[in-house]
1. What is the Cα coordinate range of the stretch 289-403 on the first, second and third principal axes, sorted by size from largest, in whole angstrom?
2. Mind checking the angle between helix 86-99 and the chain's longest principal axis? C-alpha axes, 0 to 90 degrees, to the nearest 10.
3. If you take the C-alpha gyration tensor of the stretch 227-269, multiply each eigenvalue by 5 and take the square root, what semi-axes do you get, largest first, in whole Å?
4. Pull up the cross-link candidates among the lysines for Lys261, meaning alpha carbon to alpha carbon under 25 Å and not fewer than 8 places away within one chain.
5. If r is the Cβ-Cβ distance from Glu154 to Asp288 and R0 is 45 Å, what FRET efficiency results, to the nearest 0.05?
6. Taking +1 at the Cβ of each Lys and Arg and -1 at the Cβ of each Asp and Glu, which of Met89, Pro175, Pro75 sits farthest along the dipole of the stretch 40-289 towards its positive end, judged by Cα position relative to the Cα centre?
7. Which of Lys306/Lys328; Lys312/Lys348; Lys25/Lys365; Lys25/Lys242; Lys171/Lys312; Lys306/Lys365 have a Cα-Cα distance over 19 Å?
8. For the chain, the longest stretch holding no GluC sites (Glu not before Pro) located in a DSSP loop with at most 14 other Cβ atoms within 10 Å is which?
Amino acid sequence: MIVTAQRDYADLVQRGLSLDLTRGKPSPRQLDLSNDLLKLPTSYRAADGTDGRNYGNLQGLAELRELFAPLIQVPAGQIVVGGNSSLAMMHDTVVHALLTQVPGAARRWIEEPEITFLCPVPGYDRHFTICERFGIKMVLVPMNAGGPDMDVVERLVATDASVKGMWCVPKYSNPSGVTYSDETVRRLATMTTAAPDFRIFWDNAYAVHHLTDTPDEVADLLALSAEHGNADRVFVYASTSKVTLAGSGVSFFGGSPANVKWLLHNTSKQSIGPDKINQLRHVEFLGDGGGVAAHMRRHADLIGPKFELVDKVLTERLGDLGTWTSPKGGYFISLEVPHAAEVVARAKAAGIALTPAGATHPYGKDPDDRTIRLAPTFPEPEELEQAINGLAVCVRLVAEERG
Ligand code: PMP
């Protein structure tokens with residue numbers, strides 16, 4: 001058997017592939033779906049009559065906030081529209097919290113002896129990078145089928161006042177595809193926290209990114225938290241990066257009135273106003289919730305078959321050498337195999353670039369060395385099939401060699 005695995009791997013290397021499955025980017029054909037944006041807006045007047053070409057309106061156009069309010073479960077008045085990147089908004093809210101007291105805080109986070117964020121794993125590497133950048137300690141929380149292990153979360157937030165934050169991707173999580181259950185969301189909204197200024201960074205990046213006709217729903221954390229006296233607990237984020245153009249979309253922050261006031265107080269020192277021409281363009285292009293849903297179905301038509309292809313090849317070629325997810329939405333498949341780092345290294349040597357093993361965990365260290373994040377959206381199906389076939393050869397080789 002081992003001879004067969006080694007021969008297959010030698011054949012793979014011989015082919016001199018150059019394939020990239022690293023980042024969850026939309027494919028050019030997905031971007032083409034939004035090409036009409038390049039001809040918009042037809043008018044630079046906002047609904048309130050103001051001139052979108054000029055400075056002003058730090059919070060963002062009301063018509064865009066109203067369009068996205070039901071989709072991201074935040075009242076329009078409590079949304080702030082950002083630039084093209086919600087990640088930038090997350091980064092900047094952490095910086096603002098370090099430098100100016102968030103509502104409810106006794107002092108600025110930078111004055112705390114230690115700050116800890118809870119990190120459900122596997123998770124999104126760029127969340128962890130923000131923490132690493134500012135010396136924020138990260139504590140791993142295992143993900144279950146309905147979201148993070150809430151027994152662990154409740155214990156940590158109740159007993160450790162240094163726990164100021166928690167990263168959450170509530171729908172079609174990056175990379176596990178998990179959607180938080182109603183029970184998880186209820187417990188997040190109601191749990192007792194030792195830190196009065198604890199914040200959940202609710203990164204709803206895949207709120208409308210369904211792959212099936214039976215979309216997952218997530219309970220409304222912001223409303224539930226407010227109902228239970230914890231209105232300030234939640235920072236919501238979302239963007240149209242994977243709805244329209246990944247480099248030219250719009251992003252959103254949502255929160256309690258106090259949090260919105262705090263954020264605008266900070267951003268008013270940064271900018272005289274956002275790009276409202278882009279905001280107008282998005283309102284005109286997407287129209288309403290139905291328009292967003294129809295547009296997202298066109299994405300699903302393009303990427304759904306890619307997810308199916310990965311599932312099919314893994315089923316045929318890996319069998320019980322690994323387990324993987326079949327998400328109902330989002331951008332990733334999470335593959336679990338023994339010796340993940342070595343599999344990724346073998347794939348790299350064969351010209352197949354995968355997200356580094358460990359990237360799904362804080363500090364790039366997966367204690368079990370098992371998780372590999374697969375991003376099937378960007379490559380064309382033929383390349384994708386080659387890459388997954390090649391990956392299966394690598395998994396088999398490592399399994400045989402390591403016994
Ligand atoms: N959050 C998650 C969970 C993501 O997967 C991504 C994109 N990979 C982002 C945020 C980045 O969002 P944006 O393009 O709005 O910065």
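Values quoted throughout were computed directly from the atomic coordinates according to the rules given, and no laboratory measurement underlies them. Bear in mind that the values here come from a model prediction, so they are computed numbers and not experimental data. As a convention, Cβ positions derive from the backbone with ideal geometry for all residues, glycine included, and neighbour counts pool all protein chains shown.
1. Taking the Cα atoms of the stretch 289-403, the three principal extents are 52, 31, 25 Å.
2. For 86-99 against the chain, the angle is about 60 degrees.
3. Working: eigenvalues 123, 45, 5 Å².
Listed largest to smallest, the semi-axes of the stretch 227-269 are 25, 15, 5 Å.
4. Here the lysines satisfying the reach criterion relative to Lys261 are Lys164, Lys269, Lys276.
5. Working: r = 39 Å, r/R0 = 0.86.
Calculated value: 0.70.
6. Sorting the options by dipole projection puts first Met89.
7. Numbers: Lys306/Lys328 13 Å; Lys312/Lys348 22 Å; Lys25/Lys365 24 Å; Lys25/Lys242 8 Å; Lys171/Lys312 24 Å; Lys306/Lys365 29 Å.
Cα-Cα > 19 Å for Lys312/Lys348; Lys25/Lys365; Lys171/Lys312; Lys306/Lys365; rest within.
8. Working: sites that count: Glu114, Glu217.
So the longest stretch without any such site is 218-403.
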